[in-house]
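Chemist: I'd like to ask some things about the structure below.
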Amino acid sequence: MFREEIEALEQNGITRTVFRRLDDPKVIPLWFGEGDMATPEVITNAAKDALDQGFTFYGHTRGRAELRTAIRAYCNRLYGTDVSFERITVPGSSMLGITLATQMTLGQHDHAILITPHWPNIDRAIAVIGAEFSHVRQRCGARGWHLDLDEVSTAIKPNTRAIYINSPCNPTGWVMQREQQQELLRICRERGVVIIADEVYHRTIYDAEVAPSFLEIATENDPVIVVNGFSKAFAMTGWRLGWMITPSGFGEQMAVLSECFNTGAPSFIQRAGIAALEQGDTAVQQFRAQYQAGRSAVMAILGKHPLVELTEPEGAFYAFVRIPGLKSSDAFVNSVLDEQDVGLAPGFTFGPGNDEYFRLCYAQSNARLREALGRIVVYLDQHADDYR
Ligand SMILES: Cc1ncc(COP(=O)(O)O)c(C=O)c1O
């Protein structure tokens, strides 16, 4: 009676583990993509003020004009671009932006390429449509993760309509460099494929202010949809606010699409988004310092462990840890949860070929993170014989 694509949906491996012990205070949660620092006060105060001022009504379905203006100013300031107001939509969360991007590009039986390892919600958004997808894998060498664009080019089929690419990458930390972005854009222009660029970790990068963006090289007529948001840069994961920048000429369609889903983001939360973009930069720097300390701790404690393979992530705030010989990442993370009260995400859920991996988010404050890393080391030492 219901669509088979819906019947076939399976919960991803992260939430399947999380739901066993969600909100259990004994657990140190490194499973979700967030830290333990609260949203900065300048942002929460803006939301409170907005509630007091009565921002509780419907608004423009593409987002309030003053927020879209602020997003435009923010992007153009960060990237030195001239993105127009007309191309910006605030449908709700970044995830919703990705869902809309998949719906804009894919129909039943169309094909999408996922650059993988990838966050599992993405393939679910494609599967719901009834489209097919295949993976092109980033490879991990001595100098970290990288992508071979020849493999991407070869993977394009006659019915390929979209390529999803997330940089800085959850879970690997890979950051796509400008030359590769240019080359991928050239390929996609030529082959008529839309790039869905997920740039939600744009500020979570350690050797620059912002990661290279497709916005900097694409024209307003290029086949590129950039999705971004507030969750990661401004510690606003629970606010569910993000934006998308589409090619020009889609204003009416974006209004309709937004109406069909959430009819835009909540009004008072949009006002908080403006405060984040205009006054949140100090907080971005503070968060970055915490994440950088987190990355150092992970590399010092886990990176040196004899059972572990790990290269230093360039961006985002995850360690994608390989334990050669691990038989089931799912069994592993559940066992670490049971024995050590540390929440991890199983590798298998980030696409094929990842069952020897687990992912941890190192955005937690340093003492807590170190405590969790210590427990993981105890676990590994106690179970060392399982992986040999
Ligand atoms: C790669 C990636 N894209 C999108 C999202 C969704 O972000 P939001 O919370 O803004 O919907 C996440 C969240 O973890 C993510 O890791």
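Chemist: Within segment 198-225, can you find the residues that are within 12 Å of the ligand (Cβ to nearest atom) and of a type outside the set (Asp, Glu)?
Modeler: 200, 201, 202, 204 - these are the residues of segment 198-225 that are within 12 Å of the ligand (Cβ to nearest atom) and of a type outside the set (Asp, Glu).
Chemist: Would you point out which residue out of 265, 276, 272 is within 16 Å of the ligand (Cβ to nearest atom), in a loop (DSSP other than H, G, I, E, B) and outside the structural domain of residue 33 (by TED's automatic domain parsing)?
Modeler: On inspection, the qualifying residue turns out to be 265.
Chemist: With the structure loaded, tell me whether residue 185 is out of contact with any Ser or Thr (no Cβ under 7 Å at 6 or more places or on another chain), on the phi < 0 side of the Ramachandran plot and surrounded by fewer than 24 Cβ atoms within 10 Å (Cβ to Cβ) or whether it fails that test. Quick ask: steps written out before the conclusion?
Modeler: Values: out of contact with any Ser or Thr (no Cβ under 7 Å at 6 or more places or on another chain): yes; on the phi < 0 side of the Ramachandran plot: yes; surrounded by fewer than 24 Cβ atoms within 10 Å (Cβ to Cβ): yes.
It is true that residue 185 is out of contact with any Ser or Thr (no Cβ under 7 Å at 6 or more places or on another chain), on the phi < 0 side of the Ramachandran plot and surrounded by fewer than 24 Cβ atoms within 10 Å (Cβ to Cβ).
Chemist: Take the residues in segment 241-262 that are surrounded by fewer than 18 Cβ atoms within 10 Å (Cβ to Cβ) and not in a helix (DSSP H, G or I); name whichever of them is nearest to the ligand (Cβ to nearest atom).
Modeler: Within segment 241-262, the match that is nearest to the ligand (Cβ to nearest atom) is 262.
Chemist: Testing residue 50 on (1) surrounded by 17 or more Cβ atoms within 10 Å (Cβ to Cβ); (2) within 25 Å of residue 290 (Cα to Cα); (3) away from the ligand (no atom under 16 Å from the Cβ), one condition comes back false. Which one is that?
Modeler: Against the list (1) surrounded by 17 or more Cβ atoms within 10 Å (Cβ to Cβ); (2) within 25 Å of residue 290 (Cα to Cα); (3) away from the ligand (no atom under 16 Å from the Cβ), residue 50 comes up short only on (2).
Chemist: Within segment 204-230, how many residues are under 22 Å from residue 249 (Cα atoms), within 15 Å of the chain's Cα centre (by Cα) and in a loop (DSSP other than H, G, I, E, B)?
Modeler: 1
Chemist: Residue 238 is checked against (1) within 12 Å of the ligand (Cβ to nearest atom); (2) closer than 25 Å to residue 81 by Cβ; (3) in a helix (DSSP H, G or I); (4) of a type outside the set (Asp, Glu) and fails just one. What number does that condition carry?
Modeler: Only one criterion is unmet by residue 238, namely (2).
Chemist: Still on this structure, I have one more. Against the condition surrounded by 20 or more Cβ atoms within 10 Å (Cβ to Cβ), without any contact (Cβ under 8 Å) to a residue 60 or more places away in the chain, within 15 Å of residue 246 (Cα to Cα) and more than 16 Å from the ligand (Cβ to nearest atom), how does residue 72 come out, does it pass?
Modeler: yes
Chemist: Report, ordered by the first and then the second residue, all pairs with beta carbons closer than 8 Å, sequence separation of six or more or different chains, a first member in segment 158-172 that is touching a residue at least 60 places away in the same chain (Cβ under 8 Å), and a second member that is among the hydroxyl-bearing types (Ser, Thr, Tyr) and within 9 Å of the ligand (Cβ to nearest atom).
Modeler: Every condition considered, the pairs that remain are 167/201; 168/201; 169/201; 170/201; 170/318; 171/318; 172/318.
Chemist: While we're looking at this one, here's another question. For residue 96, state whether it is under 30 Å from residue 248 (Cα atoms) and more than 16 Å from the ligand (Cβ to nearest atom).
Modeler: Working: under 30 Å from residue 248 (Cα atoms): yes; more than 16 Å from the ligand (Cβ to nearest atom): no.
So residue 96 fails the test.
Chemist: Would you confirm whether any residue within segment 142-161 is farther than 19 Å from residue 88 by Cα, assigned to a loop (DSSP other than H, G, I, E, B) and within 16 Å of the ligand (Cβ to nearest atom)?
Modeler: There is at least one residue in segment 142-161 that is farther than 19 Å from residue 88 by Cα, assigned to a loop (DSSP other than H, G, I, E, B) and within 16 Å of the ligand (Cβ to nearest atom).
Chemist: Do we have residue 61 as over 20 Å from residue 210 (Cβ atoms), surrounded by 13 or more Cβ atoms within 10 Å (Cβ to Cβ) and either in the same structural domain as residue 341 (by TED's automatic domain parsing) or within 16 Å of the ligand (Cβ to nearest atom) (or both) here?
Modeler: no
The values are calculated or read from the model by the stated rules, or taken from the named source; none is laboratory data. Remember, predicted model here, so these are calculated numbers, not experimental data. Don't worry about glycine lacking a Cβ; one is built from the backbone with ideal geometry, like all the others, and counts go over all protein chains shown.
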